[in-house]
Ligand SMILES: *Cc1c(COP(=O)(O)O)cnc(C)c1O
């Protein structure tokens, strides 16, 4: 049996209707921006394997750091113990995060980073004997698939089986150009009519919604409104973090600072699953008490896994090299050139770029759903051409590893242009 045949016998894949889905592609090797399947076919990974892999596949620098850590201390429980890699990650992050972030809490993936933030927002007020139970989130948000993260997510076909079983979440429109005032008014309205504990948002770019972008000034205004009303703000930087927007964090573009931040995906350069939620001193202090009941009773067995921490340290080092910063700038400029070219095409609705993120919306005759027919046609076309891209409905986005060469990038652009002609 081939790997693919064995897979279909034993495995259950994420976001997959197995009855109608095509068989998965078995990947046997990755290097830099390239992947190879079991038949030796080469693919350009133009989405950094779901946005986790900025420094390329099988990166030696990170691999060496992991190996060294594995043969020094692979894991120790974090309840009652600590270790140098965790302390170093915390120290490093506090140096590069917005100035008000002072405390670091480890977990395992983007959803748990969000889960922790939402639990902390709710317990913050519980600890102060204040009844605030509503979380505010954007329309079409994506914050993950665990229960609180799912409640905060607004992409409905992910969550429809669980409606009525969620914590209270009220949604406001995203302040995209021209709709800022509507978004501000909606936020004020929600705060007036509900007992709001926190506002969670993907800063500047909503990834899973199809790289929907909005301006830092609008986000600053929303955060100000929350601050005036003592509503905690949670910046979910699981996708945007570590250079994707052109700065280390999307929040670096925003004049206001959040109360909490969620990090994962590129945190370990796409090697080891790990996540972090960060907090201000004010948030931490609401749990700091002689009363044990005010503690945060949340943890995971692999919390602050030293190997993951070593991978994170190596990744952050790589991100801050001149070479990597130059790569980010190079890809950004290249995207802008491509955007200028493609947005004039008669089949293109709009194109947009921020940092290394590029997205183009393609005209379609029918109302396309997330997994609609145009999406399938585009996806198959790209795979056939040896380019890994996962369109969201009629939106095709690129989020390349920063080390992708100009030649590879041009091939991705060319394939997208061909796809636009094809549909
Ligand atoms: C991917 C993502 C998550 C969920 O992360 P997982 O590691 O998949 O659980 C949460 N928030 C945002 C913004 C994401 O892009």
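The values are calculated or read from the model by the stated rules, or taken from the named source; none is laboratory data. Given the structure is predicted, the values throughout are model-derived calculations rather than measurements. Note that each Cβ is placed from the backbone with ideal geometry, even for glycine, and that neighbours are counted across all protein chains shown.
Considering only region 127-141, I want to know if a residue exists there that is over 21 Å from residue 236 (Cα atoms) and buried (at least 18 other Cβ atoms within 10 Å of the Cβ). Please lay out each step first, then the result.
We begin by selecting, within region 127-141, every residue over 21 Å from residue 236 (Cα atoms); these are 127-131.
Checking which are buried (at least 18 other Cβ atoms within 10 Å of the Cβ) leaves us with 127.
Yes, that holds for at least one residue.
Of the numbered conditions (1) touching a strand residue (DSSP E or B) at 6+ places or on another chain (Cβ under 6 Å); (2) away from the ligand (no atom under 16 Å from the Cβ); (3) within 30 Å of residue 129 (Cα to Cα), residue 276 satisfies every one except a single condition; which is it?
Here residue 276 clears every test but (2).
I'd like the full set of residues that are touching a helix residue (DSSP H, G or I) at 6+ places or on another chain (Cβ under 9 Å) and farther than 18 Å from residue 390 by Cβ, limited to region 19-47.
28, 32, 38
Do you know which of the residues in region 131-157 that are away from the ligand (no atom under 11 Å from the Cβ) and without any contact (Cβ under 8 Å) to a residue 60 or more places away in the chain is farthest from residue 180 (Cα to Cα)?
In this case the residue turns out to be 147.
When you scan region 198-207, do you find a residue that is more than 25 Å from residue 276 (Cα to Cα), outside the structural domain of residue 50 (by the TED database), outside any strand (DSSP E or B) and at pLDDT 95 or above, even just one?
No; the residues of region 198-207 include none that is more than 25 Å from residue 276 (Cα to Cα), outside the structural domain of residue 50 (by the TED database), outside any strand (DSSP E or B) and at pLDDT 95 or above.
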